[in-house]
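One structure below.
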Protein chains: 2
Amino acid sequence: MSTFFWTIPTQNVKNINKHAVVDLIRFTAGGISRIELSRQMNLTRAAITAIVSDLQAAGLVREIESHYPSGRRPIVLEINPDRGYVVGIDMGATHVTILVTDFSARVVREMDEPLDINQGPAVCLPRVESLVHQILSEAGLSIKDISAVGAGVPGPVVAGVGVMGPPIMPGWDGYPIRDDLEKRFGVPVSLSNDAELGAIGEWAYGAGRGERDLAYIKVGTGIGAGLLLDGQIYRGATGSSGEIGHITIEENGPVCTCGNRGCLEALAGGRAIANRAIQEVNSGRRTVLTEISPVSQIRSRDVIAAARRGDLVSQQIVSEAGVHLGTALASLVNLFNPSMVVVGGGVAQIGDLLLEPIRETVHQRSLLPASRSVRITSALLGRRSSAMGAVVQALSIVLHRLSEHS
Amino acid sequence: MSTFFWTIPTQNVKNINKHAVVDLIRFTAGGISRIELSRQMNLTRAAITAIVSDLQAAGLVREIESHYPSGRRPIVLEINPDRGYVVGIDMGATHVTILVTDFSARVVREMDEPLDINQGPAVCLPRVESLVHQILSEAGLSIKDISAVGAGVPGPVVAGVGVMGPPIMPGWDGYPIRDDLEKRFGVPVSLSNDAELGAIGEWAYGAGRGERDLAYIKVGTGIGAGLLLDGQIYRGATGSSGEIGHITIEENGPVCTCGNRGCLEALAGGRAIANRAIQEVNSGRRTVLTEISPVSQIRSRDVIAAARRGDLVSQQIVSEAGVHLGTALASLVNLFNPSMVVVGGGVAQIGDLLLEPIRETVHQRSLLPASRSVRITSALLGRRSSAMGAVVQALSIVLHRLSEHS
């Protein structure tokens, strides 16, 4: 980073240090020792000991023996998992994923249900509320056991409050989503863009652990990217960064939901994949997709499933989508020079059939210094990346708050 | 910015505060008062007074009456311009710009000379050295009066040391440019990518004053972008971010210097503009460019000059380049959501003939939330943006160092 001017922290230093200690503890796999905390934070051992004592007294942090294979097992610190629970909610265009975790982000219950985001907040949010009550009851818990909720939506989130001008969320523009959810649940809610949460989830617990410059691309009905730059989530001037789904790939290509032509999403999103399949069936090509009736009901997940069962036409459609994704990601790699690109979302569950054409196209279409330093990998958390990111954000609210009062 | 984890400053807090005070003073037009420093830095009035006293004692900072039009004129602080001088050097593909400024970044002497970057460091760096001695002597100064040098090169700079894999700098790959210049001048040298310096220059003293999310695009022989994100220069994982010249605009377009097809640079860079003009002349179109002989000697600056004199063919070529630039910038706007895009470099000196098709295409091809919040403007510092950025970096070295010892 340039040092030509400085951003001054506006919080008091003690809280900043407490947050940093809590974060180093929660994001270091296997726990972290006091000595290591002191080294990484450039604080004296005494200062670290004082902070850790406060956190222990508040029940937020506990000591364990580290999992060294043999010999001396130093004492390390971890978040006390039994201190409470949070909920992570990932609303996609067609489904919702809900996770309940303890304070160490261990999943105690998981749910994936259909949800049509086009029905708007008046239908979707009550449905999400009742699903949360259902999953909590399945886990033997109630909303009273929950300390915070993290939620993600497939649109540009402004100031953590609601969405502005989302191409695939009619009826949601300007709706105060966070406030609505806080009223429903009676706990603090963190609201973010779903692709941003995917980047956070994969950074914290997935393929991107420890990366400082990471792009997560979510390939589902819509296509969006979450950007972690220099170790910080980058949202842009008005919260709508990462709209890779709407960069132009073919100047005179097919019309997109946003009104333009030749956007990536119109060529490689879930709808585009389904439409290509419908075209192929209608043109009489030999494919197992002809079994689906009526033809217009073919969805991208049918194409993915058929490709997995060896259907050549479906494999070709997925592979072509990979080339388009690769062209767009090459632009991203040329502009951002990330160390890692994580490909997630429903369509990405097909794995290397999509990843290989992406890798090949990125390496062909980006400059050598950037292309040889970027790893392109599928999401380690699978469909859960964004929901886990929502859990991370919920835990940030509650762990930081509790640490301040410790 | 997300607060889910913290980057811990590794320098001591006193130095960080001194750098911040110096930077607030130098980048606030018209000076800044102690009260305002105290407010912006969230430090007590006493702490600010102590820091400012040190800086005054070291002769770095001085008091002036503010330029309020009438009434009470409060005392404000500014950098002491007479404390010393720095040099800023901007090496382009075909020319070099050199500025000599005082400590307040006021230009005392300016020079623009041809330089063929393709001749490599063994020819270019001695030439730059002798030009620096020449401009200093013209200004009545010598290298002994210079406290630091900032330099820019048109390639991806790694760790401030040299360039890696630059498409338009044969012979420079891996050469220790900064060390070479430090030996030649005997003062600290800061080395950066030229487009990055353009962003810094326009942010500090040009069209982008005070912006937190700014992209500067340099349109010359090569095309590159400098990115200021969340108030910090973003360089990417290996220093090669901002390579917008090599994002794909036409999948099967013309071959680029980088080896790929259809890159922005191959469609809208200086060479592409000259080649289009040569084509038009060879195909017998009516244009003043036919006066240039041999035809193969037409350069982009001839096309710009002809367009300025009303030549329709030249205007059309520039306008088409603008559309291609707009398509690439729409991708950048969709991905980054900057508040401002500054268009600079030699080709951009034509102004709105290039800017208008850029604006139109960006607004057509980027999503509404991002497109309605971005201003697209030409570089206020003209051809000087990068050289002024080099001055900013040189002054950062010397002002921060002196402040630490104050």
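Residues of the range A:217-226 that are under 13 Å from the mean Cα position of the chain (by Cα) and more than 8 Å from chain B (Cβ to nearest Cβ): A:Ile217, A:Lys218, A:Val219, A:Gly220, A:Ile223, A:Gly224, A:Gly226. Of everything in the range B:223-236, what is modelled with pLDDT under 90 and over 23 Å from A:Gly239 (Cα atoms)? Give them in sequence order. Answer for the range B:223-236, where residues must be modelled with pLDDT under 90 and over 23 Å from A:Gly239 (Cα atoms): there is none. Tell me whether the range B:323-344 contains one or more residues that are touching a Pro at 6+ places or on another chain (Cβ under 8 Å), surrounded by fewer than 24 Cβ atoms within 10 Å (Cβ to Cβ) and modelled with pLDDT of 95 or more. Yes - at least one qualifying residue is present in the range B:323-344.
If I filter the range B:384-394 for residues that are within 14 Å of another protein chain (Cβ to nearest Cβ) and more than 20 Å from the chain's Cα centre (by Cα), do I get at least one hit? Within the range B:384-394 (the criterion being within 14 Å of another protein chain (Cβ to nearest Cβ) and more than 20 Å from the chain's Cα centre (by Cα)), the answer is no, since none of the residues qualifies. Among the residues making up the range B:15-48, those that are surrounded by 14 or more Cβ atoms within 10 Å (Cβ to Cβ), assigned to a helix (DSSP H, G or I) and β-branched (Val, Ile, Thr) are B:Ile16, B:Val21, B:Val22, B:Ile25, B:Ile48. Number of residues in the range B:7-18 that are closer than 20 Å to A:Gly231 by Cβ and at pLDDT 75 or above equals 1.
Can you find a residue that is surrounded by 21 or more Cβ atoms within 10 Å (Cβ to Cβ) and free of Cβ contacts under 8 Å to residues at least 40 places away in the same chain anywhere in the range B:378-386? No, every residue in the range B:378-386 fails to be surrounded by 21 or more Cβ atoms within 10 Å (Cβ to Cβ) and free of Cβ contacts under 8 Å to residues at least 40 places away in the same chain. Within the set A:Ser147, A:Ser142, A:Ser137, the sole residue that is farther than 18 Å from A:Ala93 by Cβ, among the hydroxyl-bearing types (Ser, Thr, Tyr) and surrounded by 14 or more Cβ atoms within 10 Å (Cβ to Cβ) turns out to be A:Ser147.
The set of residues in the range A:152-171 that are without any contact (Cβ under 8 Å) to a residue 60 or more places away in the chain, away from chain B (no Cβ under 13 Å) and on the phi < 0 side of the Ramachandran plot comprises A:Val161, A:Pro170.
Of the residues that sit in the range A:364-376 and are buried (at least 17 other Cβ atoms within 10 Å of the Cβ) and over 20 Å from B:Arg235 (Cβ atoms), which one is nearest to the other protein chains (Cβ to nearest Cβ)? Within the range A:364-376, the match that is nearest to the other protein chains (Cβ to nearest Cβ) is A:Arg365.
Evaluating A:Gly165 against the criteria (1) of a type outside the set (A, V, I, L, M); (2) in contact with a helix residue (DSSP H, G or I) (Cβ under 6 Å, 6 or more places away or on another chain); (3) surrounded by fewer than 18 Cβ atoms within 10 Å (Cβ to Cβ) leaves one unmet condition, (3).
Selection of the range A:168-218 for residues being under 29 Å from A:Ile143 (Cβ atoms), among the small types (Gly, Ala, Ser) and crowded, with 18+ Cβ neighbours inside 10 Å yields A:Ser190, A:Ser192, A:Ala195, A:Gly198, A:Ala199, A:Gly201, A:Ala204, A:Gly206.
Taking B:Arg401 as the residue in question, decide whether it is more than 14 Å from chain A (Cβ to nearest Cβ), part of a helix (DSSP H, G or I) and either surrounded by fewer than 24 Cβ atoms within 10 Å (Cβ to Cβ) or among the charged types (D, E, K, R) (or both).
On the way: more than 14 Å from chain A (Cβ to nearest Cβ): no; part of a helix (DSSP H, G or I): yes; either surrounded by fewer than 24 Cβ atoms within 10 Å (Cβ to Cβ) or among the charged types (D, E, K, R) (or both): yes.
For B:Arg401, the condition - more than 14 Å from chain A (Cβ to nearest Cβ), part of a helix (DSSP H, G or I) and either surrounded by fewer than 24 Cβ atoms within 10 Å (Cβ to Cβ) or among the charged types (D, E, K, R) (or both) - is not met.
In the range A:173-190 there is at least one residue matching the filter, namely being under 17 Å from the mean Cα position of the chain (by Cα) and within 14 Å of chain B (Cβ to nearest Cβ).
Determine whether B:Arg72 is over 25 Å from B:Gly208 (Cα atoms) and part of a loop (DSSP other than H, G, I, E, B).
On the way: over 25 Å from B:Gly208 (Cα atoms): yes; part of a loop (DSSP other than H, G, I, E, B): yes.
Yes, satisfied.
The values are calculated or read from the model by the stated rules, or taken from the named source; none is laboratory data. In this text the structure is predicted, and so the values were computed from the model without any measurement. Quick reminder, even Gly has a Cβ in these numbers, built from the backbone with ideal geometry, and neighbours come from all protein chains shown.
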